[in-house]
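Okay, structure first, notes after.
The values are calculated or read from the model by the stated rules, or taken from the named source; none is laboratory data. Note that the coordinates shown come from a computational prediction; the quantities given were computed from them, not determined experimentally. As a convention, Cβ positions derive from the backbone with ideal geometry for all residues, glycine included, and neighbour counts pool all protein chains shown.
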Amino acid sequence: MHCSILSSPSGPFAQCHSSLDPSAKVEDCISSLQQTEGAKEALCEALRGYAVLCQQNGIVLQEWRNITDCEFPCPTNSHYELCGTSCPAACPSLSFPYLCTQHCQEGCQCDDGLLLSGDHCVPPIGCGCLHEGRYRQGGERFWHGEQCQSLCICDGTTGFVRCNPSSCSEQETCRIVGGEYGCHPQPRATCSASGDPHYTSFDGRNFDFQGTCRYILSTVCSDNQDLPFFQVVAKNEAWNGLPVSITVEVSVNVSGHLVLVSRNKRGIAVVSIKNLPVLLDSGSVSVYSSGQNTFITTDFGLSVSYDGSWVVRVTVPANYSGATCGLCGNFNGQTNDDFRIRSGELVSSASQFGADWKVGNDTSCDDECGDSCARCQNPVSARSQCEILRDRQGPVSFCHSYVDPEAYFNDCAFDLCLSEYQHDVLCRSIQTYVSACQSANAPVLPWRQNTTCRK
């Protein structure tokens, strides 16, 4: 069955021939099939186009989809009709009493007893509301007003929307996320130090600094009295006798409390506060463990985590934008001005920048390795093993569209090479990337089962 069915005197379109000459449509149909190498979809669309014109002229057609194998799928609670009403029974807010004078049309119609609610067929009690040009489902809650001054709900039974005064919480802002307007969690920024250590600032600048002293990762550098004070300090030590360092201790000063998390000989986090979890300052500060990580979180949005051997992360809410300083940078959305020292001067060297944020007068530590900085002599094997991070078909490829794996790949190759290919280093490098994906709200899929990193 081909385009000739359009002009067949005994076909389903015969009643339309006297009103609409099918010749041109037959030629268009043949052309479409030639261009699509005979695709069935092209034939069905050509037939549908002629059928629509016929019905718009009030001509009743015979059933044509079954004999041409052109299916018309319909959603749940609806069915196909060749000549269905153009004025279907709809929910109260979408319809009003009037005489339907439009010609019938083919398409999906709601099953008996159901009403059209947007693009769904629902029972009468499941109707929605039409509010300012947008259809809302029954029971749907949504924000309204320039600054989310009202929280509204659709009463599907009556078709009316009820709005009550409301506002976003302190940890939320009124904005559009994913096309949805309303109160959403404030955007956050995360800084991390991983490996030996490789730093990523709040604004996403990647750099290496091999100092083995105590350094301020982040603190408040603002006159804004409304911002609660905090300070996060990391202590680094030489790694396995090499001229590179890893983080071995993290201290968090917040709400008048100093929480110390350190690394023991087995690479496990040890907390200065016993019997976790614990709440401090009437619950405004929480200290708890989850897996290998110890977390210090606050009610104003600060979060610090340390796994005891490899990664420390500091997360701050949006209201600290431009108000932080330290190795994590100033959180102003710009990567080119992260290297600001205490005086406010912008420097170009990661060594100079890192050394300026040193805490204390410990003379047994070093701020830089200078000419003795470790280098990977044969990176080929390390890069080959770490390629799992960049593999577009690999176990962590699900995150590539959220977090660029390039910097993590380079860090992995460097650390793996210096560790003389310790398998644990490779696994920790992958886990560091996956943790960054979680911070970016990427949907994290199981990955260990497709690697040699089993737990």
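Name the residue, out of 71, 106, that is within 30 Å of residue 157 (Cα to Cα) and either of a type in the set (Asp, Glu) or in contact with a Leu (Cβ under 8 Å, 6 or more places away or on another chain) (or both). Let's see the steps before the verdict.
On the way: 71 fails: within 30 Å of residue 157 (Cα to Cα).
Only one candidate qualifies: 106.
Taken together, 426, 389 contain a single residue that is within 23 Å of residue 201 (Cα to Cα) and more than 24 Å from the chain's Cα centre (by Cα), which is 426. Within the bounds of segment 22-32, is there any residue that is at negative phi, charged (D, E, K, R), in contact (Cβ under 8 Å) with a residue 40 or more places away in the chain and surrounded by 13 or more Cβ atoms within 10 Å (Cβ to Cβ)? Scanning segment 22-32 turns up no residue that is at negative phi, charged (D, E, K, R), in contact (Cβ under 8 Å) with a residue 40 or more places away in the chain and surrounded by 13 or more Cβ atoms within 10 Å (Cβ to Cβ). Note on segment 110-132: among residues that are among the acidic types (Asp, Glu) and at negative phi, the one that is surrounded by the fewest Cβ atoms within 10 Å (Cβ to Cβ) is 112.
Taking residue 407, is it in contact (Cβ under 8 Å) with a residue 24 or more places away in the chain, in a helix (DSSP H, G or I), closer than 22 Å to residue 436 by Cα and under 28 Å from the mean Cα position of the chain (by Cα)? Outline the logic, then answer.
Values: in contact (Cβ under 8 Å) with a residue 24 or more places away in the chain: yes; in a helix (DSSP H, G or I): yes; closer than 22 Å to residue 436 by Cα: yes; under 28 Å from the mean Cα position of the chain (by Cα): yes.
In short, yes.
Residues are listed down the side, and each one gets a yes or a no for (1) over 46 Å from the mean Cα position of the chain (by Cα); (2) without any contact (Cβ under 8 Å) to a residue 24 or more places away in the chain; (3) closer than 30 Å to residue 136 by Cβ:
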{"position": "5", "(1), (2), (3)": "yes, no, no"}
{"position": "17", "(1), (2), (3)": "yes, yes, no"}
{"position": "39", "(1), (2), (3)": "no, yes, no"}
{"position": "47", "(1), (2), (3)": "no, no, no"}
{"position": "51", "(1), (2), (3)": "no, no, no"}
{"position": "54", "(1), (2), (3)": "yes, no, no"}
{"position": "57", "(1), (2), (3)": "yes, no, no"}
{"position": "87", "(1), (2), (3)": "no, yes, yes"}
{"position": "101", "(1), (2), (3)": "yes, yes, yes"}
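Every listed requirement among (1) more than 18 Å from residue 227 (Cβ to Cβ); (2) surrounded by fewer than 18 Cβ atoms within 10 Å (Cβ to Cβ) is met by residue 319 save one, (1).
For residue 308, the conditions (1) part of a loop (DSSP other than H, G, I, E, B); (2) more than 22 Å from the chain's Cα centre (by Cα); (3) at negative phi; (4) without any contact (Cβ under 8 Å) to a residue 60 or more places away in the chain are fulfilled apart from (3). The residues in segment 245-278 that are part of a strand (DSSP E or B), more than 31 Å from the chain's Cα centre (by Cα) and either assigned by TED's automatic domain parsing to the domain that holds residue 416 or at pLDDT below 75 (or both) can be counted, and the count is 4.
Give segment 137-162 a look and list any residue that's under 30 Å from residue 188 (Cβ atoms) and in a strand (DSSP E or B), or say none. Spell out how you get there, then give the answer.
The first filter runs over segment 137-162 and keeps only residues under 30 Å from residue 188 (Cβ atoms), leaving 140-153.
Correct list: 141, 142, 143, 144, 150, 151, 152, 153.
Residue count for segment 164-192 satisfying the condition of being outside any loop (DSSP other than H, G, I, E, B) and within 22 Å of the chain's Cα centre (by Cα): 17.
Residue by residue through segment 204-241, note down the ones that are outside any loop (DSSP other than H, G, I, E, B) and of a type in the set (D, E, K, R).
Our first condition is that a residue be outside any loop (DSSP other than H, G, I, E, B); within segment 204-241, this holds for 206-208, 214-220, 230-239.
Within segment 204-241, 208, 214, 235, 237 meet the criteria.
Please determine whether any residue of segment 332-349 is modelled with pLDDT of 90 or more and surrounded by 21 or more Cβ atoms within 10 Å (Cβ to Cβ). Yes, some residue in segment 332-349 is modelled with pLDDT of 90 or more and surrounded by 21 or more Cβ atoms within 10 Å (Cβ to Cβ). Checking each residue in segment 350-361 for being surrounded by fewer than 16 Cβ atoms within 10 Å (Cβ to Cβ), at pLDDT below 90 and out of contact with any strand residue (DSSP E or B) (no Cβ under 7 Å at 6 or more places or on another chain) picks out only 361. Tell me yes or no: at least one residue of segment 133-149 is more than 27 Å from the chain's Cα centre (by Cα), surrounded by fewer than 15 Cβ atoms within 10 Å (Cβ to Cβ) and under 24 Å from residue 86 (Cα atoms). Looking for residues that are more than 27 Å from the chain's Cα centre (by Cα), surrounded by fewer than 15 Cβ atoms within 10 Å (Cβ to Cβ) and under 24 Å from residue 86 (Cα atoms), one finds at least one in segment 133-149, hence yes. Tell me which residues, restricted to segment 275-305, are hydroxyl-bearing (Ser, Thr, Tyr) and in contact (Cβ under 8 Å) with a residue 12 or more places away in the chain. Result: 284, 286, 288, 289, 294, 297, 298, 303, 305. Against the test of being touching an Asp or Glu at 6+ places or on another chain (Cβ under 9 Å), surrounded by fewer than 18 Cβ atoms within 10 Å (Cβ to Cβ) and either aromatic (Phe, Trp, Tyr) or closer than 30 Å to residue 161 by Cβ (or both), the options 107, 49 yield a single qualifying residue, 107.
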